[in-house]
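To start, the structure under review is shown below, and the notes come after it.
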Amino acid sequence: MKKGSAIYEFLKGIWKDNPVLVMLLGMCPVLAVSNTVINGFAMGMAVLFVLVMSSLVISTIKRIIPSQVRIPSFIIVIATFVTIADLFLRAQFPDISKALGPFIPLIIVNCIILARQEAFASKNNPWKSLLDALGMSIGFTWVLVLLGLVRELLGFGTVAGFRVFGTWFEPWIVMILPPGAFITLGIFVGLQKLIMRRTG
Amino acid sequence: MNLIAIFIAAAVVNNFVLSYFLGICPFLGVSGRVSSALGMGFAVTFVMTITAIVTWLIKHYLLLPFGLPFLEYVAFILVIASMVQFVEMFLKKVVPPLYQALGIYLPLITTNCAILGMALFASLRQYDFLETLFFGIGAGVGFTIALLIMAGIREELDTADVPKPLRGAGITLIIAGLLALAFMGFAGMMGTS
(Lines give C-alpha, C1' and ligand atoms only; values in the text may rest on other atoms or scores of the structure.)
Protein backbone atom coordinates (compact mmCIF):
# COMPACT_ATOMS: atom_id res chain seq x y z
CA MET A 1 0.00 0.00 0.00
CA LYS A 2 2.03 2.92 -1.27
CA LYS A 3 1.27 6.40 -0.05
CA GLY A 4 -0.50 8.32 -2.82
CA SER A 5 -1.73 5.22 -4.66
CA ALA A 6 -5.47 5.02 -5.39
CA ILE A 7 -6.07 2.14 -2.98
CA TYR A 8 -4.22 3.99 -0.20
CA GLU A 9 -6.34 7.12 -0.65
CA PHE A 10 -9.44 4.98 -0.31
CA LEU A 11 -8.36 2.86 2.67
CA LYS A 12 -6.74 5.53 4.82
CA GLY A 13 -10.09 7.05 5.84
CA ILE A 14 -11.46 3.73 6.96
CA TRP A 15 -8.86 2.94 9.59
CA LYS A 16 -5.47 4.67 9.72
CA ASP A 17 -6.73 8.26 9.40
CA ASN A 18 -10.29 7.54 10.49
CA PRO A 19 -12.02 10.93 10.61
CA VAL A 20 -13.80 10.23 13.88
CA LEU A 21 -11.41 8.07 15.90
CA VAL A 22 -8.09 9.56 14.82
CA MET A 23 -8.69 13.04 13.44
CA LEU A 24 -11.61 13.76 15.79
CA LEU A 25 -13.53 15.63 13.13
CA GLY A 26 -17.27 15.94 12.85
CA MET A 27 -17.94 14.94 16.41
CA CYS A 28 -21.29 16.69 16.82
CA PRO A 29 -23.37 14.34 14.63
CA VAL A 30 -21.36 11.35 15.85
CA LEU A 31 -22.36 12.01 19.42
CA ALA A 32 -25.83 13.38 18.78
CA VAL A 33 -27.43 10.88 16.43
CA SER A 34 -25.68 7.66 17.44
CA ASN A 35 -28.36 6.68 19.95
CA THR A 36 -29.78 4.08 17.53
CA VAL A 37 -28.31 2.09 14.64
CA ILE A 38 -30.83 3.42 12.09
CA ASN A 39 -30.16 7.07 12.95
CA GLY A 40 -26.42 6.49 12.78
CA PHE A 41 -26.68 4.82 9.39
CA ALA A 42 -28.96 7.54 7.97
CA MET A 43 -26.55 10.25 9.11
CA GLY A 44 -23.65 8.30 7.61
CA MET A 45 -25.39 8.09 4.24
CA ALA A 46 -26.26 11.80 4.28
CA VAL A 47 -22.62 12.65 4.98
CA LEU A 48 -21.50 10.24 2.24
CA PHE A 49 -23.71 11.97 -0.32
CA VAL A 50 -22.63 15.48 0.67
CA LEU A 51 -18.93 14.65 0.97
CA VAL A 52 -18.72 12.76 -2.33
CA MET A 53 -20.66 15.36 -4.31
CA SER A 54 -18.80 18.35 -2.84
CA SER A 55 -15.42 16.67 -3.32
CA LEU A 56 -16.24 15.96 -6.97
CA VAL A 57 -17.45 19.49 -7.63
CA ILE A 58 -14.62 21.22 -5.78
CA SER A 59 -11.82 19.11 -7.23
CA THR A 60 -13.27 19.85 -10.68
CA ILE A 61 -13.58 23.61 -10.29
CA LYS A 62 -10.57 24.16 -7.99
CA ARG A 63 -8.64 26.07 -10.68
CA ILE A 64 -11.24 28.80 -11.04
CA ILE A 65 -11.70 29.47 -7.30
CA PRO A 66 -9.45 32.34 -6.12
CA SER A 67 -7.60 31.15 -3.04
CA GLN A 68 -8.68 34.12 -0.86
CA VAL A 69 -12.34 33.19 -1.08
CA ARG A 70 -11.93 29.44 -1.22
CA ILE A 71 -13.44 28.69 2.21
CA PRO A 72 -16.69 30.62 1.57
CA SER A 73 -16.88 29.01 -1.87
CA PHE A 74 -16.44 25.53 -0.39
CA ILE A 75 -19.11 26.23 2.18
CA ILE A 76 -21.62 27.39 -0.41
CA VAL A 77 -21.07 24.23 -2.46
CA ILE A 78 -21.47 22.13 0.69
CA ALA A 79 -24.56 24.04 1.84
CA THR A 80 -26.18 23.46 -1.54
CA PHE A 81 -25.74 19.69 -1.35
CA VAL A 82 -26.88 19.63 2.27
CA THR A 83 -30.06 21.47 1.30
CA ILE A 84 -30.66 18.83 -1.40
CA ALA A 85 -30.09 16.00 1.09
CA ASP A 86 -32.35 17.67 3.65
CA LEU A 87 -35.23 18.18 1.20
CA PHE A 88 -34.83 14.61 -0.08
CA LEU A 89 -34.94 13.10 3.42
CA ARG A 90 -37.91 15.25 4.37
CA ALA A 91 -39.85 14.04 1.33
CA GLN A 92 -38.84 10.36 1.34
CA PHE A 93 -38.08 9.47 4.96
CA PRO A 94 -40.03 11.92 7.14
CA ASP A 95 -39.52 9.81 10.28
CA ILE A 96 -35.75 9.77 9.99
CA SER A 97 -35.74 13.43 9.04
CA LYS A 98 -37.67 14.23 12.21
CA ALA A 99 -35.39 12.09 14.39
CA LEU A 100 -32.24 13.74 13.05
CA GLY A 101 -33.78 17.22 13.26
CA PRO A 102 -31.33 20.11 12.90
CA PHE A 103 -28.41 17.71 12.67
CA ILE A 104 -28.98 17.32 8.92
CA PRO A 105 -28.49 21.05 8.18
CA LEU A 106 -25.60 20.95 10.63
CA ILE A 107 -23.70 18.74 8.16
CA ILE A 108 -22.80 22.06 6.51
CA VAL A 109 -20.49 22.85 9.40
CA ASN A 110 -19.31 19.28 9.85
CA CYS A 111 -15.55 19.71 10.01
CA ILE A 112 -14.92 16.45 8.11
CA ILE A 113 -16.40 17.85 4.95
CA LEU A 114 -14.66 21.22 4.99
CA ALA A 115 -11.41 19.63 6.14
CA ARG A 116 -11.41 17.17 3.23
CA GLN A 117 -12.09 19.97 0.74
CA GLU A 118 -9.31 22.11 2.17
CA ALA A 119 -6.78 19.32 2.73
CA PHE A 120 -7.53 17.06 -0.21
CA ALA A 121 -10.10 17.91 -2.90
CA SER A 122 -8.65 21.36 -3.56
CA LYS A 123 -5.23 19.82 -4.26
CA ASN A 124 -6.05 16.57 -6.07
CA ASN A 125 -7.83 15.41 -9.21
CA PRO A 126 -11.51 14.39 -9.14
CA TRP A 127 -10.75 10.64 -9.28
CA LYS A 128 -8.53 10.66 -6.19
CA SER A 129 -10.87 13.06 -4.41
CA LEU A 130 -13.74 10.67 -5.05
CA LEU A 131 -11.79 7.79 -3.48
CA ASP A 132 -10.75 9.95 -0.55
CA ALA A 133 -14.34 11.10 0.01
CA LEU A 134 -15.68 7.55 -0.20
CA GLY A 135 -13.08 6.21 2.23
CA MET A 136 -13.63 9.04 4.70
CA SER A 137 -17.41 8.72 4.69
CA ILE A 138 -17.28 4.94 5.03
CA GLY A 139 -14.87 5.41 7.94
CA PHE A 140 -17.32 7.92 9.42
CA THR A 141 -20.33 5.65 8.89
CA TRP A 142 -18.94 2.49 10.42
CA VAL A 143 -17.94 4.27 13.61
CA LEU A 144 -21.37 5.87 13.79
CA VAL A 145 -23.18 2.56 13.25
CA LEU A 146 -21.00 0.71 15.76
CA LEU A 147 -21.52 3.46 18.31
CA GLY A 148 -25.26 3.31 17.62
CA LEU A 149 -25.17 -0.46 18.03
CA VAL A 150 -23.52 -0.32 21.46
CA ARG A 151 -25.67 2.53 22.72
CA GLU A 152 -28.95 1.12 21.41
CA LEU A 153 -28.17 -2.37 22.73
CA LEU A 154 -27.34 -1.16 26.22
CA GLY A 155 -29.80 1.74 26.32
CA PHE A 156 -32.92 0.09 24.88
CA GLY A 157 -31.95 -3.59 24.70
CA THR A 158 -32.65 -3.57 20.95
CA VAL A 159 -30.67 -3.59 17.69
CA ALA A 160 -32.17 -1.59 14.80
CA GLY A 161 -35.52 -1.82 16.59
CA PHE A 162 -35.47 -5.60 17.19
CA ARG A 163 -35.50 -6.77 20.78
CA VAL A 164 -32.32 -8.67 21.61
CA PHE A 165 -32.42 -8.91 25.37
CA GLY A 166 -35.48 -10.34 27.09
CA THR A 167 -37.70 -8.52 29.53
CA TRP A 168 -35.24 -9.25 32.35
CA PHE A 169 -32.90 -6.64 30.90
CA GLU A 170 -32.79 -3.37 32.78
CA PRO A 171 -31.91 -0.71 30.15
CA TRP A 172 -28.95 1.55 30.92
CA ILE A 173 -30.80 4.79 30.29
CA VAL A 174 -27.56 6.74 30.55
CA MET A 175 -26.30 5.16 27.32
CA ILE A 176 -28.90 6.90 25.18
CA LEU A 177 -28.40 10.21 26.97
CA PRO A 178 -25.50 12.61 26.24
CA PRO A 179 -23.08 11.21 28.87
CA GLY A 180 -23.31 7.73 27.34
CA ALA A 181 -22.32 9.14 23.96
CA PHE A 182 -19.20 10.87 25.31
CA ILE A 183 -18.03 7.94 27.39
CA THR A 184 -18.61 5.29 24.72
CA LEU A 185 -16.78 7.34 22.10
CA GLY A 186 -13.93 8.00 24.55
CA ILE A 187 -13.52 4.26 25.04
CA PHE A 188 -13.64 3.69 21.26
CA VAL A 189 -10.88 6.23 20.69
CA GLY A 190 -8.76 4.48 23.33
CA LEU A 191 -9.39 1.06 21.80
CA GLN A 192 -8.46 2.26 18.32
CA LYS A 193 -5.15 3.59 19.66
CA LEU A 194 -4.52 0.34 21.50
CA ILE A 195 -5.13 -1.77 18.38
CA MET A 196 -3.03 0.59 16.24
CA ARG A 197 -0.13 0.18 18.64
CA ARG A 198 -0.42 -3.63 18.79
CA THR A 199 -0.53 -4.00 15.02
CA GLY A 200 2.09 -1.33 14.39
CA MET B 1 -39.65 35.56 32.85
CA ASN B 2 -39.78 33.70 29.59
CA LEU B 3 -36.60 35.43 28.41
CA ILE B 4 -34.72 34.46 31.58
CA ALA B 5 -35.95 30.88 31.20
CA ILE B 6 -34.63 30.76 27.64
CA PHE B 7 -31.30 32.19 28.73
CA ILE B 8 -30.81 29.73 31.58
CA ALA B 9 -32.01 26.81 29.49
CA ALA B 10 -29.49 27.59 26.76
CA ALA B 11 -26.64 28.28 29.18
CA VAL B 12 -26.87 25.41 31.65
CA VAL B 13 -29.90 23.12 31.46
CA ASN B 14 -29.53 22.28 27.78
CA ASN B 15 -25.90 23.26 27.59
CA PHE B 16 -24.93 23.43 23.93
CA VAL B 17 -21.74 21.45 24.33
CA LEU B 18 -22.76 18.89 26.89
CA SER B 19 -26.31 18.10 25.89
CA TYR B 20 -26.65 19.13 22.23
CA PHE B 21 -23.06 18.20 21.31
CA LEU B 22 -22.60 21.46 19.44
CA GLY B 23 -19.13 22.94 19.20
CA ILE B 24 -17.31 19.77 20.16
CA CYS B 25 -14.32 20.42 17.86
CA PRO B 26 -13.12 23.60 19.62
CA PHE B 27 -14.21 22.03 22.90
CA LEU B 28 -11.67 19.25 22.40
CA GLY B 29 -9.09 21.40 20.63
CA VAL B 30 -8.82 24.63 22.61
CA SER B 31 -9.64 23.38 26.08
CA GLY B 32 -6.02 22.64 27.01
CA ARG B 33 -5.37 25.98 28.73
CA VAL B 34 -7.74 28.17 30.73
CA SER B 35 -6.53 31.37 29.05
CA SER B 36 -7.14 30.20 25.49
CA ALA B 37 -10.44 28.63 26.54
CA LEU B 38 -11.55 32.01 27.88
CA GLY B 39 -10.52 33.77 24.67
CA MET B 40 -12.30 31.22 22.52
CA GLY B 41 -15.38 31.45 24.73
CA PHE B 42 -15.52 35.22 24.33
CA ALA B 43 -14.99 35.05 20.58
CA VAL B 44 -17.79 32.50 20.23
CA THR B 45 -20.19 34.40 22.50
CA PHE B 46 -19.54 37.59 20.55
CA VAL B 47 -20.02 35.97 17.15
CA MET B 48 -23.07 34.15 18.42
CA THR B 49 -24.80 37.28 19.70
CA ILE B 50 -24.30 39.13 16.43
CA THR B 51 -25.29 36.07 14.42
CA ALA B 52 -28.50 35.71 16.43
CA ILE B 53 -29.48 39.28 15.55
CA VAL B 54 -28.48 39.18 11.88
CA THR B 55 -29.92 35.76 11.06
CA TRP B 56 -33.24 36.70 12.63
CA LEU B 57 -33.39 39.91 10.59
CA ILE B 58 -32.46 38.06 7.40
CA LYS B 59 -35.02 35.36 7.96
CA HIS B 60 -37.90 37.71 8.72
CA TYR B 61 -37.16 40.58 6.35
CA LEU B 62 -35.51 38.79 3.44
CA LEU B 63 -36.20 35.08 3.22
CA LEU B 64 -39.85 34.91 4.32
CA PRO B 65 -41.23 37.96 2.41
CA PHE B 66 -39.58 36.76 -0.79
CA GLY B 67 -40.56 33.10 -0.31
CA LEU B 68 -37.01 31.80 -0.16
CA PRO B 69 -36.96 29.62 2.97
CA PHE B 70 -34.96 26.95 1.12
CA LEU B 71 -32.04 29.39 1.00
CA GLU B 72 -32.01 29.53 4.81
CA TYR B 73 -28.93 27.35 5.29
CA VAL B 74 -26.87 29.09 2.63
CA ALA B 75 -27.80 32.54 3.93
CA PHE B 76 -27.10 31.67 7.58
CA ILE B 77 -23.72 30.17 6.88
CA LEU B 78 -22.70 33.20 4.83
CA VAL B 79 -23.58 35.52 7.70
CA ILE B 80 -21.56 33.41 10.11
CA ALA B 81 -18.55 33.23 7.82
CA SER B 82 -18.45 36.99 7.41
CA MET B 83 -18.92 37.60 11.16
CA VAL B 84 -15.97 35.33 11.90
CA GLN B 85 -13.84 37.16 9.37
CA PHE B 86 -14.75 40.40 11.10
CA VAL B 87 -13.84 39.12 14.57
CA GLU B 88 -10.56 37.78 13.22
CA MET B 89 -9.56 41.14 11.76
CA PHE B 90 -10.63 42.89 14.95
CA LEU B 91 -8.55 40.62 17.22
CA LYS B 92 -5.53 40.75 14.93
CA LYS B 93 -5.55 44.53 15.14
CA VAL B 94 -6.53 45.07 18.78
CA VAL B 95 -5.47 41.99 20.81
CA PRO B 96 -2.58 40.35 18.91
CA PRO B 97 -1.55 37.96 21.75
CA LEU B 98 -5.05 36.52 21.88
CA TYR B 99 -5.02 36.25 18.10
CA GLN B 100 -1.77 34.27 18.32
CA ALA B 101 -3.15 32.01 21.05
CA LEU B 102 -6.35 31.13 19.20
CA GLY B 103 -4.40 30.40 16.04
CA ILE B 104 -6.08 27.95 13.76
CA TYR B 105 -9.27 27.75 15.80
CA LEU B 106 -10.46 31.22 14.94
CA PRO B 107 -11.31 30.53 11.30
CA LEU B 108 -12.72 27.25 12.53
CA ILE B 109 -15.47 29.14 14.37
CA THR B 110 -17.04 29.29 10.92
CA THR B 111 -17.46 25.56 11.09
CA ASN B 112 -18.32 25.65 14.77
CA CYS B 113 -21.61 23.87 14.78
CA ALA B 114 -22.66 25.74 17.91
CA ILE B 115 -23.12 28.96 15.93
CA LEU B 116 -25.12 27.54 13.04
CA GLY B 117 -26.89 25.23 15.50
CA MET B 118 -28.00 28.20 17.56
CA ALA B 119 -29.35 29.97 14.46
CA LEU B 120 -31.16 26.82 13.33
CA PHE B 121 -32.66 26.04 16.73
CA ALA B 122 -33.88 29.62 17.10
CA SER B 123 -35.42 29.47 13.64
CA LEU B 124 -36.94 26.02 14.24
CA ARG B 125 -38.53 27.06 17.53
CA GLN B 126 -39.83 30.27 15.93
CA TYR B 127 -38.41 32.55 18.60
CA ASP B 128 -39.21 36.23 18.29
CA PHE B 129 -36.44 38.82 18.14
CA LEU B 130 -35.73 39.21 21.87
CA GLU B 131 -36.00 35.48 22.51
CA THR B 132 -33.48 34.82 19.74
CA LEU B 133 -31.12 37.39 21.22
CA PHE B 134 -31.30 35.88 24.71
CA PHE B 135 -30.98 32.39 23.27
CA GLY B 136 -27.83 33.44 21.41
CA ILE B 137 -26.18 35.03 24.43
CA GLY B 138 -27.19 32.11 26.66
CA ALA B 139 -25.75 29.60 24.23
CA GLY B 140 -22.47 31.53 24.07
CA VAL B 141 -22.24 31.75 27.85
CA GLY B 142 -23.01 28.04 28.14
CA PHE B 143 -20.28 27.24 25.65
CA THR B 144 -17.80 29.37 27.60
CA ILE B 145 -18.74 27.69 30.90
CA ALA B 146 -18.27 24.20 29.48
CA LEU B 147 -14.98 25.15 27.83
CA LEU B 148 -13.63 26.76 31.03
CA ILE B 149 -14.54 23.83 33.28
CA MET B 150 -12.95 21.44 30.79
CA ALA B 151 -9.77 23.53 30.52
CA GLY B 152 -9.47 23.68 34.31
CA ILE B 153 -9.73 19.90 34.56
CA ARG B 154 -7.31 19.31 31.71
CA GLU B 155 -4.64 21.52 33.26
CA GLU B 156 -4.75 19.24 36.31
CA LEU B 157 -4.77 16.20 34.07
CA ASP B 158 -1.21 16.90 32.90
CA THR B 159 0.09 15.45 36.15
CA ALA B 160 -2.36 12.55 36.34
CA ASP B 161 -1.49 8.97 35.48
CA VAL B 162 -3.84 8.19 32.60
CA PRO B 163 -3.69 4.79 30.84
CA LYS B 164 -1.60 5.29 27.70
CA PRO B 165 -4.21 4.61 24.96
CA LEU B 166 -6.67 6.98 26.61
CA ARG B 167 -4.26 9.91 26.78
CA GLY B 168 -5.41 12.96 24.85
CA ALA B 169 -8.75 12.62 23.16
CA GLY B 170 -9.96 9.46 24.91
CA ILE B 171 -9.81 10.75 28.47
CA THR B 172 -11.12 14.17 27.37
CA LEU B 173 -14.26 12.55 25.97
CA ILE B 174 -14.78 10.48 29.10
CA ILE B 175 -14.43 13.58 31.28
CA ALA B 176 -16.91 15.35 29.03
CA GLY B 177 -19.27 12.44 29.66
CA LEU B 178 -18.94 12.87 33.42
CA LEU B 179 -19.48 16.63 33.07
CA ALA B 180 -22.59 15.96 30.97
CA LEU B 181 -23.82 13.68 33.72
CA ALA B 182 -23.36 16.48 36.22
CA PHE B 183 -25.10 19.02 33.98
CA MET B 184 -28.07 16.70 33.66
CA GLY B 185 -28.75 17.55 37.26
CA PHE B 186 -29.73 21.04 36.15
CA ALA B 187 -32.64 19.55 34.22
CA GLY B 188 -34.50 19.28 37.50
CA MET B 189 -34.41 23.08 37.71
CA MET B 190 -36.95 23.63 34.95
CA GLY B 191 -38.63 20.43 33.94
CA THR B 192 -37.76 19.25 30.47
CA SER B 193 -37.67 22.57 28.62
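The values are calculated or read from the model by the stated rules, or taken from the named source; none is laboratory data. These numbers come from a predicted model, not from an experiment. Don't worry about glycine lacking a Cβ; one is built from the backbone with ideal geometry, like all the others, and counts go over all protein chains shown.
Scanning the range A:4-23 for residues that are under 18 Å from A:LEU130 (Cβ atoms) and surrounded by fewer than 18 Cβ atoms within 10 Å (Cβ to Cβ) yields A:GLY4, A:SER5, A:ALA6, A:ILE7, A:TYR8, A:LEU11, A:ASP17. Taking the criterion of being surrounded by 19 or more Cβ atoms within 10 Å (Cβ to Cβ) and more than 22 Å from A:PHE140 (Cα to Cα), the only residue of the range A:156-200 that qualifies is A:PHE156. Counting just the residues of the range B:154-167 that are more than 8 Å from chain A (Cβ to nearest Cβ) and not basic (Lys, Arg), which one comes out nearest to B:GLY29 (Cα to Cα)? Applying the filter and picking the extreme gives B:GLU155. Among the residues of the range B:41-48, is any in a loop (DSSP other than H, G, I, E, B), in contact (Cβ under 8 Å) with a residue 60 or more places away in the chain and buried (at least 24 other Cβ atoms within 10 Å of the Cβ)? No; the residues of the range B:41-48 include none that is in a loop (DSSP other than H, G, I, E, B), in contact (Cβ under 8 Å) with a residue 60 or more places away in the chain and buried (at least 24 other Cβ atoms within 10 Å of the Cβ). Of all the listed residues (A:GLY44, A:GLY26), the sole one being under 25 Å from A:GLY155 (Cα atoms), crowded, with 18+ Cβ neighbours inside 10 Å and modelled with pLDDT under 85 is A:GLY26.
Keeping to the range A:84-96, report how many residues are more than 10 Å from chain B (Cβ to nearest Cβ) and surrounded by 18 or more Cβ atoms within 10 Å (Cβ to Cβ). Of the residues in that region, 3 qualify.
Scanning the range A:112-134 for residues that are part of a helix (DSSP H, G or I) and surrounded by fewer than 24 Cβ atoms within 10 Å (Cβ to Cβ) returns A:LEU114, A:ALA115, A:GLU118, A:ALA119, A:PHE120, A:PRO126, A:TRP127, A:LYS128, A:LEU130, A:LEU131, A:LEU134. The combined condition, being within 18 Å of the chain's Cα centre (by Cα), farther than 15 Å from B:VAL12 by Cβ, more than 14 Å from chain A (Cβ to nearest Cβ) and among the aliphatic types (A, V, I, L, M), is fulfilled by B:ALA151.
Evaluation of A:PHE81 against the conditions (1) within 13 Å of the chain's Cα centre (by Cα); (2) surrounded by 17 or more Cβ atoms within 10 Å (Cβ to Cβ) shows that the sole unmet condition is (1). Screening the candidates B:LEU38, B:LEU28, B:LEU71, B:LEU57 for the property of being part of a helix (DSSP H, G or I), within 18 Å of A:PHE182 (Cβ to Cβ) and out of contact with any Cys (no Cβ under 9 Å at 6 or more places or on another chain) yields one hit, B:LEU28.
Consider the range B:130-172 and keep the residues that are of a type in the set (Asp, Glu) and not in a helix (DSSP H, G or I). The one that is modelled with the lowest pLDDT is B:ASP158. Beta carbons closer than 9 Å, at least 6 apart along the sequence or on distinct chains, pair a first residue in the range B:14-40 that is more than 10 Å from chain A (Cβ to nearest Cβ) with a second that is of a type in the set (S, T, N, Q) and in a helix (DSSP H, G or I) for B:VAL30/B:SER36; B:SER31/B:THR172; B:ALA37/B:THR144; B:LEU38/B:THR144; B:MET40/B:THR144.
One line per residue, one yes/no per condition, for (1) more than 14 Å from every other protein chain (Cβ to nearest Cβ); (2) of a type in the set (Ser, Thr, Tyr); (3) more than 21 Å from A:LEU100 (Cβ to Cβ):
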position	(1), (2), (3)
A:GLY139	yes, no, no
A:LEU144	no, no, no
A:ARG151	no, no, no
A:PHE156	yes, no, no
A:ALA160	yes, no, no
A:VAL174	no, no, yes
A:THR184	no, yes, no
A:LYS193	no, no, yes
A:MET196	no, no, yes
